[in-house]
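Student: Provided herewith is a single structure, encoded as structure tokens, for subsequent inquiry.
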Amino acid sequence: MGKYKLGFISDKDIYDHVKATVLQYRRSISLAEFNKNLVDPIKLTFDSKIYGQSIKQTIESECIRQIDKTNNNRIGYFHQNLFRYAGDGWEVPANGDKGDFDITNDERHMFVYFGISNIRGFQ
């Protein structure tokens, strides 16, 4: 384990936090997992024809897209949960608590919501 010297988090905690994220990384997808997400067969047909792919290649591309989306979400949780170690009143509330905010600091009256493609801070 390296010496990270981040100040707000111990070397062991950052190592464990990174390890937990890596262990959650998705590397494959089963047919059942693939079918959990609604996939528009018309879009797949258009993609196949427009990109000159077989349906199999297009479905493989969709699988990769779904895997990547899951991993992007896990990286988002990685960033969000770093605040568990920040101290100074920062919290990562359970989902649905505190008005669905992702990070809060009651002492500083700061409430942060990570939107789909943006970050908004409310004071």
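Where a number appears in this text, it was derived from the coordinates with a stated rule and is not lab data. It should be emphasised that the depicted structure is a prediction, and the values quoted were computed from it without experimental measurement. Cβ atoms come from the backbone with ideal geometry, glycine included; neighbour counts cover every protein chain shown.
Student: Nearest 10 degrees, 0 to 90: what angle lies between the long axis of helix 55-81 and the longest principal axis of the chain (Cα atoms)?
Tutor: 0 degrees
Student: Roughly how big is the chain's charge dipole about its Cα centre, with Cβ charges of +1 (Lys, Arg) and -1 (Asp, Glu), in debye to the nearest 20?
Tutor: On the way: 17 positive and 16 negative charges, 98 e Å.
My answer is approximately 460 debye.
Student: Quick one: 3J(HN,Hα) in Hz for the stretch 40-51, Karplus 6.51/-1.76/1.60 with θ = phi - 60°, rounded, Gly and Pro as x.
Tutor: Values per residue, Gly and Pro as x: 6, x, 5, 4, 4, 5, 4, 4, 4, 6, 5, 8 Hz.
Student: Rounded to the nearest 0.05, what FRET efficiency do Lys36 and Gln57 give with R0 = 25 Å and r taken as the Cβ-Cβ distance? Could you check? Walk me through the intermediate numbers first.
Tutor: Values: r = 22 Å, r/R0 = 0.86.
Once the sixth-power term is evaluated, E becomes 0.70.
Student: Next question. Treating the angle as unsigned and between 0 and 90°, give the value, to the nearest 10°, between the Cα long axis of helix 11-24 and the longest Cα principal axis of the chain.
Tutor: Roughly 20 degrees between the two axes.
Student: Another question, then. Which of Lys69/Lys98; Lys19/Lys69; Lys12/Lys69; Lys49/Lys69; Lys19/Lys98; Lys43/Lys98 have a Cα-Cα distance over 30 Å? Don't skip to the end; give the middle numbers.
Tutor: Numbers: Lys69/Lys98 26 Å; Lys19/Lys69 19 Å; Lys12/Lys69 28 Å; Lys49/Lys69 24 Å; Lys19/Lys98 28 Å; Lys43/Lys98 38 Å.
Long pairs (Cα-Cα over 30 Å): Lys43/Lys98.
Student: So between Gln80 and Asp16, what do we pick up on full extension, going 0.36 nm a residue minus the alpha carbon distance? Let's see the in-between values first.
Tutor: Values: separation 64, 0.36 × 64 = 23.04 nm, distance 1.51 nm.
21.5 nm is the gain from fully extending Gln80 to Asp16.
Student: Something else about it: Which is farthest toward the positive dipole end of the chain among Phe111, Leu38, Ile9, measuring Cα position about the Cα centre, with Cβ charges +1 (Lys, Arg) and -1 (Asp, Glu)?
Tutor: In the chain, that residue is Leu38.
Student: A further question on this structure: In what order do Thr45, Thr104 fall by count of nearby beta-carbon atoms within 10 Å, going from fewest to most? Don't jump to the answer; show the numbers that get you there.
Tutor: On the way: Thr45 12, Thr104 22.
In order of increasing Cβ crowding within 10 Å: Thr45, Thr104.
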